[in-house]
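Read the structure below first, then the notes.
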Amino acid sequence: MSPQSIAHYRIVSKLGEGGMGAVYRATDTKLHRDVAIKVLPEALANDADYLARFQREAQVLASLNHPNIAILHGIEQNALIMELVPGVTLEERIAAGALPLAEALGIAKQIAEALEAAHEKGVIHRDLKPANVKVTPEGVVKVLDFGLAKNTESAAGTTANSPTLTIRSTQLGLIMGTAGYMAPEQAAGKPVDKRAVIWSFGVVLYEMLTGARLFEGETVAHTLAHVLTQELDLNAVEPGLRPLVRRCLERDPRKRLRDIGDARLAIEEYLAEPKSSTAAPLPAAPARRPILPWALAALLAAAGIAGWWKATRPEPPRPLVRLHLDVPEETPFRRGLTGGMMAISPDGARLALVLQSHDTTSLFLRPLSQNQLTELRGTEDAASPFFSPDGEWIGFAASGKLKKISVNGGAAVTLCDAPSMRGASWGEDGNIVAALQLAGPLSRVPGSGGPPVAVTRLEGGDRSHRWPQVLPGARAVLATISFTPGNYDDAEIAVFSLDTGKKTTVQRGALFGRYLAGRRLAWVHGNTLFAAPFDLARMAVTGASVPLLEDVRRSTTSGADLDVSPSGALLYHSGQGDNRTVLSWLDEAGNLSPLHVPPEAYYSPRLSPDGKRLAYYLTSTAATDIWVRDLDREVPSRLTFLAGINMMPVWTPDGRHIAFNSGGPGHQSLYWIRSDGSGSPQRIAEESASVQADSFTPDGKRLVFEQGGASGFHVYTATVEGDPDHPRLGKPELLLGTPANERQAMISPDGRWVAYTSDELGAIEVYVRPFPGPGGRWQISQQGGAFPRWSPNGHELLYRDPGLRIVRVDYSAKGDSFSAGRPRPWSDTAVVDLGGAYTYDVAADGKRLLAISAQQDAATKKPDTQLNVVLNFFDEVKRRVK
């Protein structure tokens, strides 16, 4: 139903209606003039982001004052108040056939003058087409809708007047403009400048001169393909004007006419001195003569050169195609899972997805061309899939092992232990390079299986090397270097030689690096995918970085949910991820009772000895600090204010103080602070590359801590000496120092035993030994375990298994003998994976856990079922990253 009036404008009649709304003739009752009013569709009028951008653009366009530009009078109630231009549109005029040459050039000259005036003001018309040009009965041209026509709806209408599509300029695969008049860079979703308008001008000029559409397909998609690839035939254009039209229609913007003023000058010169309207006759063919041997050789050579040029010339850029795929709601993506839960085959034809199946995860295969999922049996607890170079095998982690399975199904084959795998890559030499554990180097594993061999070394504060990609030639590997658990914004991308182990840092403040064919390096920072030119021979970034995607999902373990195939297809999961967590009580039935705390990035919860307070640390891009929360009053207090990263709190047995570590990559120290926040933090140990407090003896006289170095991580103890508010540590004494990595040492409530983790047998397992020793050693976990905790009840030891469940083990001790029962789940409820940080603690009564869990509102949301595929991604990267 038409409105009767808008503000002080009285509606007279309806002039037309299109995808951008209805246009009415109206009378301005204040100034007594006729105007045109375009009323925006309801979908756009209710879009706050669109309206804000709409207002800004209208202010700019209102500043244009040119006789060939329709005047914008103002905005009223989400409607445009415009100059009422009499006459017909250029589209209607062309529909009657080609324009006489003089008329066509007169109109083209006025269009060029309008665009030139706008360009001088920095305004670019993003939708120039015949429908947006009106010609008055006096022959005056008025260009309409400068940059205001925007429509987020797709359409299958006519390609000549297809609706304008809009995006933010950093999103891939989306376009802005009308299909038949868009420049190639516009059709590819790239940012545009005034050269894109020159292309549109060239298309409009062609259509005026010929009366025919230059680019037209069955659908909008077909038309876009023609814009990107169709050979241009300008034979129907007046010969003297072909050079101008051709210069306007160069697909490479760098070769296109630089300024619309140059087109105006060329038209004025032609009008002043018209060229012949008919092409010069071709010279008569010479009489045939015998082909001499040298001429035949020249012809063959020319044919050979032409064939070579055709075979070796660069392929034209392919249009970007973006697909949104869904998996069934009964098998969604598992929330909170470590990054790297999808892979795409080298040829881009298959997807390997880690999806939730009943109470665990499994691998599923999906052909890209079909909406069909096939579960690969025997892949329960799967994570981190990756394809073999021939695409016939999928490697993955499951239950503390690195495995592989044929894409055709069958039994999964175990290759080696992988206690906590953080990515793997299968090289063309048949070897797999994998990050097999949370904190450690990269290892090489034969594709047929066998013992892993370390190929990198932790040094200079490196905590772990993860998410590898074997580079072409299998002589080097790209990997993420992490320095601090829980904070990966300071991570780095480095290239490691697989022959020498030499490290070359190529990008700082980056993670999940990927080398792209075509000499580009991509990486993730925050939730944005960046890329930059990269010299593989020099192992160096050689140009500026460019943001490509702003919504790549990340995990808390420096992983990213994306994969890129050598064929140029990108697979990724969008969204901000589930990095924020909540603190919850977890009972033995598996029920979660969240504390009244806002979702944050919580790490390493530690209950005070009396169970009334909780210490933890929060991490963000700005700071990482320790907080203490009064559980009765539900009041949090920030405890640390030191520069650097403050984390891993440990309570003293009397609850009056907390030990923690602080520093940055390669320089960390142990500190001591009052738990009520009074006083200043005291440094109690010398600075080292990596150090972390683990636990105190029950009498509080000794601190147990772990320290990393060239030989790995080992456990030490030291006496706590001096004033309780100004303590110092005595000389460190080695407690656990085998060739393996020993970590997470927890002293039992009676002070007689130490539980810890070790990778001495390959997989990380939980062990118990007498404290301070000597004595025997008992393995507690089975098939992987980490983060041991003693229950205060004195007869249970808990740990986390590879499936992220908390496991309990009954034990009894008599003399120097320790007896452990069979591991059994605390419940089937999984906690989140936070890399090297604890995610739970045991309450004082031993009957419930304080756990870090995924956001509780996630359970009420629609299952996570969507993923994205971008085809011809490398073509887009080449266009945007120079």
Subset of region 430-461 (residues that are of a type in the set (A, V, I, L, M) and either within 21 Å of Ala398 (Cα to Cα) or touching a Lys or Arg at 6+ places or on another chain (Cβ under 8 Å) (or both)) = Ile432, Val433, Ala434, Ala435, Leu436, Leu438, Ala439, Leu442, Val445, Val453, Ala454, Val455
Limited to region 240-268, what total is found for residues that are free of Cβ contacts under 8 Å to residues at least 24 places away in the same chain, over 15 Å from Leu205 (Cβ atoms) and more than 36 Å from the chain's Cα centre (by Cα)?
-> 0
Since Gly784 meets every condition but one in (1) open to solvent by 30 Å² or more (accessible area, probe 1.4 Å); (2) not in a strand (DSSP E or B), which condition does it not meet?
-> (1)
Picking from Asp841, Asp875, the residue that is open to solvent by less than 30 Å² (accessible area, probe 1.4 Å), charged (D, E, K, R) and modelled with pLDDT of 90 or more would be Asp841
Answer yes if at least one residue in region 415-438 is of a type in the set (S, T, N, Q) and more than 24 Å from Leu498 (Cβ to Cβ), and no otherwise.
-> no
Report the residue count in region 487-511 for those that are open to solvent by less than 10 Å² (accessible area, probe 1.4 Å), of a type outside the set (Ser, Thr, Tyr) and closer than 30 Å to Phe660 by Cβ.
-> 5
Tally of residues being within 18 Å of Val842 (Cβ to Cβ), outside any strand (DSSP E or B) and touching a residue at least 24 places away in the same chain (Cβ under 8 Å) across region 807-825 | 1
Selection within region 410-429 - of a type in the set (Gly, Ala, Ser) and in contact with a strand residue (DSSP E or B) (Cβ under 7 Å, 6 or more places away or on another chain) = Ala412, Ala418, Ser420, Gly423, Ala424, Ser425, Gly427
Qualifying positions in region 223-239 - surrounded by fewer than 22 Cβ atoms within 10 Å (Cβ to Cβ), over 28 Å from the mean Cα position of the chain (by Cα) and touching a residue at least 24 places away in the same chain (Cβ under 8 Å) = Thr229, Leu234, Ala236, Val237, Glu238, Pro239
State which residue is most open to solvent (accessible area, probe 1.4 Å) when the search covers only region 787-806 and only residues that are touching a residue at least 60 places away in the same chain (Cβ under 8 Å) and farther than 27 Å from Asp610 by Cβ.
-> Pro802
So, of the residues in region 392-409 that are assigned to a strand (DSSP E or B) and out of contact with any Lys or Arg (no Cβ under 7 Å at 6 or more places or on another chain), which turns out to be surrounded by the fewest Cβ atoms within 10 Å (Cβ to Cβ)?
-> Ser406
Between residues in region 135-152 that are more than 18 Å from Val204 (Cβ to Cβ) and open to solvent by 20 Å² or more (accessible area, probe 1.4 Å) and residues that are at pLDDT below 90 and among the small types (Gly, Ala, Ser), which pairs lie under 7 Å by C-beta distance while being six or more apart or on different chains?
-> Pro137/Gly87
Restricting region 429-468 to residues that are among the hydrophobic types (A, V, I, L, M, F, W, C) and in a strand (DSSP E or B), the residue that is nearest to Asp833 (Cα to Cα) = Trp467
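Yes/no per residue for (1) polar (S, T, N, Q); (2) more than 19 Å from Ala830 (Cβ to Cβ):
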residue: Leu363; (1), (2): no, no
residue: Asn371; (1), (2): yes, yes
residue: Ser406; (1), (2): yes, yes
residue: Pro419; (1), (2): no, no
residue: Gly427; (1), (2): no, yes
residue: Val455; (1), (2): no, yes
Listing of strands (runs of 3 or more DSSP E) fully contained in region 635-723 that carry 1 or more residues being open to solvent by less than 10 Å² (accessible area, probe 1.4 Å) and closer than 25 Å to Asp759 by Cβ = 645-651, 657-664, 667-674, 690-696, 702-709, 712-723
Are any residues in region 755-781 among the β-branched types (Val, Ile, Thr) and open to solvent by less than 20 Å² (accessible area, probe 1.4 Å), and if so, which ones?
-> Thr757, Val766, Val768, Ile780
Identify, please: which residue in region 367-391 is touching a Lys or Arg at 6+ places or on another chain (Cβ under 7 Å) and free of Cβ contacts under 8 Å to residues at least 40 places away in the same chain and is, among those, nearest to Ala343 (Cα to Cα)?
-> Pro367
Any chance region 37-46 includes a residue that's surrounded by 18 or more Cβ atoms within 10 Å (Cβ to Cβ) and at pLDDT 85 or above?
-> yes
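Out of all the residues in region 536-576, which are of a type in the set (Asp, Glu) and modelled with pLDDT of 90 or more?
Within region 536-576, just Asp563 meets the criteria.
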Complete set of residues in region 410-428 that are open to solvent by 30 Å² or more (accessible area, probe 1.4 Å), part of a loop (DSSP other than H, G, I, E, B) and among the hydrophobic types (A, V, I, L, M, F, W, C) | Ala411, Ala412
Residues of region 388-423 being closer than 15 Å to Ser565 by Cα and in contact with a Pro (Cβ under 7 Å, 6 or more places away or on another chain), which ones?
-> Pro389, Gly391, Ile394
Conditions (1) open to solvent by less than 40 Å² (accessible area, probe 1.4 Å); (2) at pLDDT below 90; (3) within 15 Å of Phe496 (Cα to Cα): number failed by Leu442 | (2)
List every residue pair whose Cβ atoms sit under 8 Å apart, with the two residues 6 or more apart in sequence or on different chains, where the first one lies in region 199-214 and is over 14 Å from Asp233 (Cα atoms) and the second, anywhere, is of a type in the set (Lys, Arg).
-> Trp199/Arg256; Ser200/Lys129; Val204/Lys129
Return a yes/no flag: does region 861-874 have any residue that is within 30 Å of Ala532 (Cα to Cα), polar (S, T, N, Q) and either over 32 Å from the mean Cα position of the chain (by Cα) or not in a strand (DSSP E or B) (or both).
-> yes
Search region 577-613 for residues being buried (at least 17 other Cβ atoms within 10 Å of the Cβ) and of a type in the set (Asp, Glu), and hand back the single one that is modelled with the highest pLDDT.
-> Glu600
All positions within region 186-218 that are open to solvent by 20 Å² or more (accessible area, probe 1.4 Å) and within 31 Å of the chain's Cα centre (by Cα) = Lys190, Pro191, Val192, Asp193, Lys194, Arg195
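Being part of a loop (DSSP other than H, G, I, E, B), at pLDDT 90 or above, over 17 Å from Arg422 (Cα atoms) and within 23 Å of the chain's Cα centre (by Cα) narrows it down to one residue among Pro389, Pro346; which is it?
Matching residue, one of Pro389, Pro346: Pro346.
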Residues of region 739-754 that turn out to be open to solvent by 30 Å² or more (accessible area, probe 1.4 Å) and touching an Asp or Glu at 6+ places or on another chain (Cβ under 6 Å), as a count = 2
Which of the residues that make up region 169-191 are in contact with a Pro (Cβ under 9 Å, 6 or more places away or on another chain) and modelled with pLDDT of 80 or more?
-> Tyr181, Ala183, Pro184, Glu185
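The values are calculated or read from the model by the stated rules, or taken from the named source; none is laboratory data. Not measured: the values here are computed from a predicted model. We place every Cβ from the backbone using ideal geometry, glycine too, and count neighbours over all the protein chains shown. Note: areas computed on protein heavy atoms with side chains; ligands, DNA, RNA excluded. Shrake-Rupley method; radii C 1.70, N 1.55, O 1.52, S 1.80 Å.
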